[in-house]
Every structure is written in structure tokens, then in C-alpha cells.
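Enquirer: Next up is a structure, given as C-alpha cells.
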Amino acid sequence: MTFPLICSRDTRPETKQPSVVGPGGVGQASFQIGAAPPIAVLLACSSSPPKPEKEDRAPEHPTVHDAPAADTAPVAGQGDVQVRVEWHDVPVVARASPGRTRCGTARAAAVAPTTMWGIPEVVVLVDGASMPLGEVKVTASECAITPRAVVGDRLTITSSAPGPLKLNLAAYGPEPESIDGIPAGIPVLMPIAGHQVTRTLESGLHLLGGTGTGDPIWIVAKPNAVVTDANGQAVFKDLAAGSHVVTAWLPARGGQKPRLVTAKASVTAGTPGELSIDLGQ
């Protein structure tokens, strides 16, 4: 094993004491403690004090550089809400057919509840929602127009009737129940089966009906509207966090009066929310 050479500087004065027998013979001085070191040791050691070795370690207080200023403008959180429209105690008359069409088929009832009381084809509007609008397609026969409610700002009508059809497209108003009665509209002529007509709609509610075609259908050209699906559900995405007014609107149809129920939905950023609305309220 090799030991490192450790040098130190002795600051005590050099002294010489006589020795009986020294390295140079009788009467020569020998070096004792405190004497100058031998020449070989002096060559290996520096006459100046040794410099302390640098330690390879992080400083106790590292320098912290200021981060660039960030944009402090608040970013509004967003969340989704699923609205379920129900009707637990639906009157029998609302579930029954109001009569026959001129084709001899049963007219559609006002509502067709699911086994879990969900109500399809209800228009749901959420304050502050902004859903993309686009083209919607409906089919007109000599006995009915389907589906009974759609959301979009471009309407394409296709005839499935064997003969000519004369329909009427009317602007109803900006909101549900905003005016009374059915306003006069513009005629839409469908000469043969397979014929298509496309119309661009202004923002608001529109009615499409015709003689003998049963109840008119509703076209909602509003970005805050969704029609409930077969389970009675409507989903709204990217709503601003906070409270929103929700309106469930069942238009007049099947011989029944319209129903309008309002509730509030609380939206939490990043967390899907749910709201149930009972049309029987």
C-alpha cells in the first residue's frame, strides 16, 4: 500500500544539539525534532503552504435566474354537460296516437317514452353553448315529414311521395313560444319522388309542414340547441365553467300542447356533468 506524502511547515526555530555520535562522526551535530528536514524531503515539498483542494460539489446557494414573465391572463375552464329529458308520469293521451293519416296509418303520438322515461325528439337549449351548425336532411311523404325536430342552418328536403307535394316553410321566431300561431311562409314544391330542395335558414326557429302531412316539423337554426336522441339525452361540449340556464322544449304535436321546462346546470372545468329535467314539472 502506498501512502500519500504529507508535508507540513514547521515554524519552530532550528536548533542544533551536540550528539555523541552524529552522522558526520564524533563531534558533528545531528538534527533533532524541530530541525530542518532532509534535502530529499525538501525537494518533494513546497516551501509555501499547500493550497486547499477544491471540492466537487454544488454550491450551498445556487444562483436562481428569474423566469421570463408568463401570460397572466386567466384562461376560462370548460366542461361538458349531458342533459337527460324525462317524463315519469306521462298521461296516456300524450302516449296515444291522435288519429289516422290520409294514408290510413296511425299518426305519431306526442311522445314515445323509453323504458327509463327518456323522451326523444325534445329540443334542448343551453345558455352560452355554441355548437357547430350545418346541413340537416328531412324526408317528406304524402302522410308525414320526418324527423320531427332537427338542428341546423341548411335544410335539404327529399320527397318520397309518389306524386307532387306542396309544403310550407315558415320562420317562427327567435325563441320557443315567441309568437302565437303558425306564420305564413314560402311554398316548397316537390313534383316527384326523389326531388330535393335545399334552403339556407336564418338564425331562429322554422316550421315545415304541408296539407295531409301530419304535424309540422321544427328546424332549429341556433348554435345552443341539441335535439334529444332515442334515449332522451342531449350532450353539450366545451361549455364555460359556471352556471347555465337549460331549457327543454317539447313542441306542440300529436294533439298536445307544448311543454317548456327550465333548469340550471353547473359546469366544472374538465369534469363531465349531468342534468335531468322532468317534463312533468
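The values are calculated or read from the model by the stated rules, or taken from the named source; none is laboratory data. From a predicted model like this one, the values you see are computed outputs, not experimental measurements. For neighbour counting, all protein chains shown are included, and Cβ atoms are generated from backbone atoms with ideal geometry for every residue, glycine included.
Enquirer: All but one of (1) free of Cβ contacts under 8 Å to residues at least 60 places away in the same chain; (2) within 30 Å of residue 105 (Cα to Cα); (3) part of a strand (DSSP E or B) hold for residue 263; state the number of the condition that does not hold.
Expert: (2)
Enquirer: Restricting attention to the range 59-101, and to residues there that are farther than 30 Å from residue 255 by Cα and of a type in the set (S, T, N, Q), which single residue is modelled with the highest pLDDT?
Expert: Restricting to residues being farther than 30 Å from residue 255 by Cα and of a type in the set (S, T, N, Q), the top hit is 78.
Enquirer: Another question about this same structure. Tell me, which residue of the range 153-181 that is at pLDDT below 90 and in a loop (DSSP other than H, G, I, E, B) is surrounded by the most Cβ atoms within 10 Å (Cβ to Cβ)?
Expert: So, considering only residues that are at pLDDT below 90 and in a loop (DSSP other than H, G, I, E, B), the one surrounded by the most Cβ atoms within 10 Å (Cβ to Cβ) is 176.
Enquirer: If you don't mind, there's one more thing I want to ask. Which members of the range 228-247 meet the condition of being small (Gly, Ala, Ser) and closer than 15 Å to residue 117 by Cα?
Expert: Residues satisfying the conditions are 230, 232, 234.
So that you can scan it fast, the table gives a plain yes or no per residue for (1) closer than 30 Å to residue 243 by Cβ; (2) loosely packed, with under 15 Cβ neighbours inside 10 Å:
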site	(1), (2)
125	yes, no
151	yes, no
200	no, yes
215	no, no
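Enquirer: On the given criteria, is residue 184 surrounded by fewer than 16 Cβ atoms within 10 Å (Cβ to Cβ), within 22 Å of residue 116 (Cα to Cα) and of a type in the set (A, V, I, L, M, F, W, C)?
Expert: So residue 184 does not fit the description; no.
Enquirer: Now a separate question. Among (1) out of contact with any Ser or Thr (no Cβ under 9 Å at 6 or more places or on another chain); (2) closer than 23 Å to residue 109 by Cα, which single condition is residue 214 missing?
Expert: (1)
Enquirer: Same structure again: Looking at (1) in contact with a Phe, Trp or Tyr (Cβ under 6 Å, 6 or more places away or on another chain); (2) in a loop (DSSP other than H, G, I, E, B); (3) of a type outside the set (Asp, Glu), which one does residue 223 not meet, given that it meets all the others?
Expert: Status for residue 223: all satisfied but (1).
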